[in-house]
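See below for the structure under consideration.
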Amino acid sequence: MTSYRLDKGGLIDRSTALRFTFDGALHVGHQGDTLASALLANGVTLMGRSFKYHRPRSVITAGAAEPNALVELREGGRKEANTRATMIELYDGLVSKSQNNWPSLDFDVGALTSLASSVFVAGFYYKTFMWPKSFWEKIYEPIIRRAAGLGTASKLPDPDKYEKSYAHCDVLVIGSGPTGLMAALAAARQAKRVILADESSRLGGSLLNEQEEIGGTSGYEWTQGVIAELGSMPNVTLLPRTTIMGWFDGNIFGAVERVSDHLRVPDPYEPRQRYWKIHAKRAVLAAGAEERPVAFGGNDMPGVMTASAMRTYANRYAAAAGRSVVVFGGNDSIYRTARDLKSHGIHVEAIVDSRKESKADAAGTPVLRGALVADAVGGKAVKSVHLADGTHINCEAVAMSGGFSPIVNLACHRGKKPVWDAKLLAFLPPDNGEAFTVAGSAASRMLLSECLADGAAKGAVDGKPITVPKCRDEAFAISPLWWVKESHGKAFIDYQNDATAKDLPLAAREGYSDVELAKRYTTTGMATDQGKLGNINAIAILAEATGRTMDEVGTTTFRPFYTPVSFGAFTGPFTGHHFQPVRKTPLHDWAEEQGAVFVETGLWMRSSWFPREGEDWLASASREVLNTRGAVGICDVSTLGKIDVQGKDAGQFLDRLYCNTFSTLAVGKARYGLMLREDGIVYDDGTTSRLAEDHYVMTTTTANAAKVMAQMEFAHQALFPDLDVTYVSVTEQWAQMAVAGPKSRPTLQKLMDELVMTDESVPYMAALEVSIMGGIPARLFRLSFSGEHAYELAVPADYGSMVARAVMQAGDEFGITPYGVEALSIMRIEKGHVAGGELNGTTTAGDLGMGKMVSAKKDFIGRMMAQREGLTDPNRQAVVGIRPVNPADRIRAGAHLLKQDDTPSMKNDQGYVTGVAWSPMLDMWVGLALFANGRARHGEIVQVWDGLRGHRVMAEICDPMHFDKENKRLHA
Amino acid sequence: MLIPCPHCGTRPVEEFTFLGDAAPTRPTTNDPSTMEAWYEYVYLRNNPRGAIEEYAHHSGGCRSWLVVSRNTETHEVFGAVPARDFTRAKGAKA
């Protein structure tokens, strides 16, 4: 055991005892700990195995950039893989497991790959598993995927809830360190609406981690005063545990608030996480800076971590990384580390400063100037370090600092690239204008006083600035320190993907010197931490290897998300039944009473069939057809789109929308209409009725109802703005039922208040407004999709189920039956009526056998393009009927049609089956097909080839109308 | 992204459905000799870098068709007018 809990200090509540397990072992921590700090305090430094070489790993950081200490958190449906131990707040009952090891974390067989590691260089997979090509998918990839990979996902549903929220503010402040707090305070005191968000569990940022003095008190005490003031202001929203993960168009920010991640289970009615969309007039990024590791041998060994992480563990969490420490770096911050550690009684063996000179105060610790740590020596824990000059120092931990990289990610999410500053050795954020400014150490302000002043200035751009408190500054100077080439062991750049310093010059030598290519070739920066720690080091090494400057190499693209976001946060509450709304028709209750089986059609629940005892869907649908054709049936057709069109120019407007003419339609009559797209292809069909001179009611197919409405609005507003017409969707206002069959008229007659139904009063294609059942206003249409003498009856939605029940009662003496979409579909195929299978976005009016409907006398959408050669070619596939030569055979939808003796090929393809049904009237399978030059080829025998299902039968092409060709039943 | 709907005020882009470039004008004749113009209207679109005027349907709001002007490169939105006014203005110019 090397790490341990300090006797005093830290922002932890030692009166609490939080029990938790890691790989089954029970430990105890305190309120205020993270899982990482609690593990260190318990002497657990081995926290995981690395991705490729399975090397033992511990924490490198104390924050969001952590690449190593990834654990599986929780169990069952709440299990979460790859969570950063540095960001997990400890709670009582926490269960965690290490990842990426077998059979155990301590003894891992995969670590043997390290012995063969000279083979596993960058590009190894590309080079080794190229041949034979066929091996990749079946052999190589599955093996590699099993050996590599991080944690495993739970296969159980997540029992927790997620929410989505929107917020607007004048100023969004991202980060709550000294800069962010000052920015928020400055804006808030000007009565701006302020949101202050921080990814950490507590506001305060670096002031929680460091020993600072502000305004005559400690940095921590100062934060408490500012947070209390902000918390008391009604115009301020404080969002701790909230990561701003992306900056998007229009100054919109995506954020994830971890509402309950610090609890064992969320409180009742509370979500686990809340996804925020924040519209900010102005934003100040005060995200701070990330300390860079130094590439030296064994810089991934448990016990090696960034200097600021080691300070943080000691200052904030009272956890020591080891009893004796070597501090190594090329900037002044290492001296502060040594002093802080010393103040906690942690022995610092030496400060190893790569620079020859420094003015910083070592406070009595030996300083080795111009020296370099070449290798950390040990295994699962550091035992000593070797310096480049051969010096050997025993120690249990190494604090390293290569410098500081401003956290500019968000500032680059909208495309701009950061700019290299050769003096500060940092990529500075690009200029994004007033609406998004970067302040403090995120803008490379290295002194505390500069951060406080910068925050105050950028928080309140207009109006009077607030007073900036006095503070103690730590001088800062830095020299480049990227890679100690005297190292013997592996020097890691990207810890999570196991990319080493040597991989980058190799990539350059092999031609992948462009930063984006080098990234992909070495996988540097491609892990879940997105290269937060290692990318700048990688750029520096690549620059040196190729003789370019940092600017010339440049950074890879910064993309959202700043840190990984759970699927739950994106999904929000829209899962299961809430995934999409359910639309029920006004006749839903009635259909349910009748035992309907429902089918989802888009959002709609449509009654599909009405089975009786022992019937399957086919038996039920067949009975429904026989009953309807034999006597009478009733079907819910409320899902058809219904659009009420009124105005002086209503007829003219419809003439523009449809390829046929509606302005000539007589009042009280209905007409079938065909709507084209502007490219001449059929878009939709339906009947439109004229109820008055200036009043029509259109119907659309169920599927296209919303799209047709939008198209009408476009046609009217953008194409023909001078037409005097208004229209509104009334789909949900009217319940509509088809009543079909030879007994439909006597059935409906019983409901009529005054109307005496005859062929004269209600002729074929009549559309009348009538009164039924003692005063209910209704619309009666004599329309038929089934081919029977039939009607459609529409009533205001609220009357729907009641009227349907009344129709059932009226038809009882005739043996009325409800029928569903399946029976409807069988009857339409028997009658050769086109539907979705034929109106499939490839067919013209001519293809559907409706070429004669297309008017040549008026302008309408699609008119010109429909005349193109390719769309009028007689060899186009046209709708035909198809029936098996042997009536016992079955044909299937989707099967292709071939001439009798042809072999299946694209060239020989003659068309395909668009819809089939078992016809109870004809006692065989019949179908519709699209068939080349089809109308001229009725009577031809073809092969129906179904390669997918391995099925081939012979069939005859025929008229689409399989049943009652003379339409006698329609007019009976 | 926020769209300034002339009827509803500034609304989030999720409420809108975009159709594309509003520059092409639907020919007013059905004369076969104008087929080329029709072909261009139906199929040919520029893909400008920079300023563009686009049809947008406020499908989740007032259901007006608008013409939104924005920058394809920066995604800056400059304004929006009813498509009706846009078409009429185009007609007046022609």
message: Being away from every other protein chain (no Cβ under 14 Å), under 23 Å from the mean Cα position of the chain (by Cα) and more than 19 Å from A:S441 (Cα to Cα) is the requirement here; does A:T242 meet it?
response: yes
Hits in segment A:548-560 - residues which are in a loop (DSSP other than H, G, I, E, B), more than 26 Å from the chain's Cα centre (by Cα) and more than 17 Å from A:L517 (Cβ to Cβ): A:T549
message: Condition first: more than 9 Å from chain A (Cβ to nearest Cβ) and of a type in the set (A, V, I, L, M, F, W, C). Now tell me which residues in segment B:18-36 satisfy that.
response: B:F18, B:A23
- prompt: Somewhere in segment A:931-947, is a residue among the hydrophobic types (A, V, I, L, M, F, W, C), surrounded by fewer than 13 Cβ atoms within 10 Å (Cβ to Cβ), within 48 Å of the chain's Cα centre (by Cα) and outside the structural domain of A:H789 (by TED's automatic domain parsing)?
  reply: no
statement: With the first residue restricted to segment B:37-52 and required to be more than 14 Å from chain A (Cβ to nearest Cβ) and surrounded by 10 or more Cβ atoms within 10 Å (Cβ to Cβ), and the second required to be among the polar types (S, T, N, Q) and part of a strand (DSSP E or B), Cβ contacts under 9 Å at 6 or more apart or on different chains are B:A51/B:S69; B:A51/B:N71; B:I52/B:S69; B:I52/B:N71
field: Filtered residue count, segment A:689-737, keeping only those that are over 34 Å from the mean Cα position of the chain (by Cα), under 29 Å from A:D589 (Cβ atoms) and crowded, with 20+ Cβ neighbours inside 10 Å
entry: 8
task: Return yes or no: is B:F86 under 27 Å from A:L723 (Cβ atoms), aromatic (F, W, Y) and within 10 Å of chain A (Cβ to nearest Cβ)?
output: yes
- request: Name the residue, out of A:A85, A:A64, A:A81, that is surrounded by 22 or more Cβ atoms within 10 Å (Cβ to Cβ) and modelled with pLDDT of 75 or more.
  value: A:A85
message: If I ask for residues that are in a strand (DSSP E or B), more than 10 Å from chain A (Cβ to nearest Cβ), surrounded by 14 or more Cβ atoms within 10 Å (Cβ to Cβ) and not charged (D, E, K, R), which ones from segment B:1-17 would you list?
response: B:P4, B:C5
query: In the set A:S324, A:S260, A:S308, which member is surrounded by fewer than 22 Cβ atoms within 10 Å (Cβ to Cβ), more than 14 Å from chain B (Cβ to nearest Cβ), closer than 28 Å to A:K8 by Cα and among the small types (G, A, S)?
result: A:S324
query: Does A:G10 count as touching a Phe, Trp or Tyr at 6+ places or on another chain (Cβ under 7 Å), part of a loop (DSSP other than H, G, I, E, B), surrounded by fewer than 23 Cβ atoms within 10 Å (Cβ to Cβ) and free of Cβ contacts under 8 Å to residues at least 60 places away in the same chain?
result: no
Matching residues in segment B:53-65 - criterion: being within 11 Å of chain A (Cβ to nearest Cβ) and assigned to a loop (DSSP other than H, G, I, E, B): B:H58, B:S59, B:C62, B:R63, B:S64
task: Go through segment A:640-681 and give me each residue that's part of a strand (DSSP E or B), of a type in the set (V, I, T) and away from chain B (no Cβ under 14 Å).
output: A:V645
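Residue-by-condition table, conditions (1) at pLDDT 95 or above; (2) closer than 17 Å to A:N840 by Cα:
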| position | (1), (2) |
| --- | --- |
| A:P874 | no, no |
| A:Q877 | yes, yes |
| A:V880 | yes, yes |
| A:R883 | yes, no |
| A:G894 | yes, yes |
| A:L898 | yes, no |
| A:D902 | yes, no |
| A:K907 | yes, no |
| A:V913 | yes, yes |
- prompt: If you check A:L285 against the conditions, is it crowded, with 18+ Cβ neighbours inside 10 Å and out of contact with any Ser or Thr (no Cβ under 8 Å at 6 or more places or on another chain)?
  reply: no
Selection within segment A:527-562 - within 21 Å of A:A309 (Cα to Cα), β-branched (V, I, T) and at pLDDT below 95: A:T528
query: Would you pick out the residues in segment B:18-36 that are assigned to a helix (DSSP H, G or I) and either surrounded by fewer than 11 Cβ atoms within 10 Å (Cβ to Cβ) or among the hydrophobic types (A, V, I, L, M, F, W, C) (or both)?
result: B:P32, B:S33, B:M35, B:E36
message: Given the criteria over 28 Å from A:G250 (Cα atoms) and among the hydroxyl-bearing types (S, T, Y), does A:T437 qualify?
response: no
Unique match (being among the small types (G, A, S), within 14 Å of chain B (Cβ to nearest Cβ) and surrounded by fewer than 24 Cβ atoms within 10 Å (Cβ to Cβ)) among A:S825, A:S855, A:S801: A:S855
query: For A:V913, all conditions in the list (1) surrounded by fewer than 21 Cβ atoms within 10 Å (Cβ to Cβ); (2) free of Cβ contacts under 8 Å to residues at least 60 places away in the same chain hold save one; what is the number of the exception?
result: (1)
- request: For segment A:866-889, name all the residues that are within 14 Å of chain B (Cβ to nearest Cβ) and crowded, with 21+ Cβ neighbours inside 10 Å.
  value: A:A866
- prompt: Within the group A:V762, A:V756, which residue is more than 27 Å from A:G841 (Cβ to Cβ), out of contact with any strand residue (DSSP E or B) (no Cβ under 8 Å at 6 or more places or on another chain) and more than 14 Å from chain B (Cβ to nearest Cβ)?
  reply: A:V756
query: Residues in segment B:70-77: is at least one more than 8 Å from chain A (Cβ to nearest Cβ) and either among the basic types (K, R) or within 30 Å of A:S729 (Cα to Cα) (or both)?
result: yes
statement: Those residues of segment A:690-729 that are in contact with a strand residue (DSSP E or B) (Cβ under 8 Å, 6 or more places away or on another chain) and either away from chain B (no Cβ under 11 Å) or in a strand (DSSP E or B) (or both) come to a total of 20
- prompt: Yes or no: A:T687 of a type in the set (S, T, N, Q), in contact (Cβ under 8 Å) with a residue 40 or more places away in the chain and not in a strand (DSSP E or B)?
  reply: no
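The values are calculated or read from the model by the stated rules, or taken from the named source; none is laboratory data. Fair warning: this is a prediction, and the values are worked out from it, not measured in the lab. When we count neighbours, we look across all protein chains shown, and the Cβ atoms used for this are built from the backbone with ideal geometry, even at glycine.
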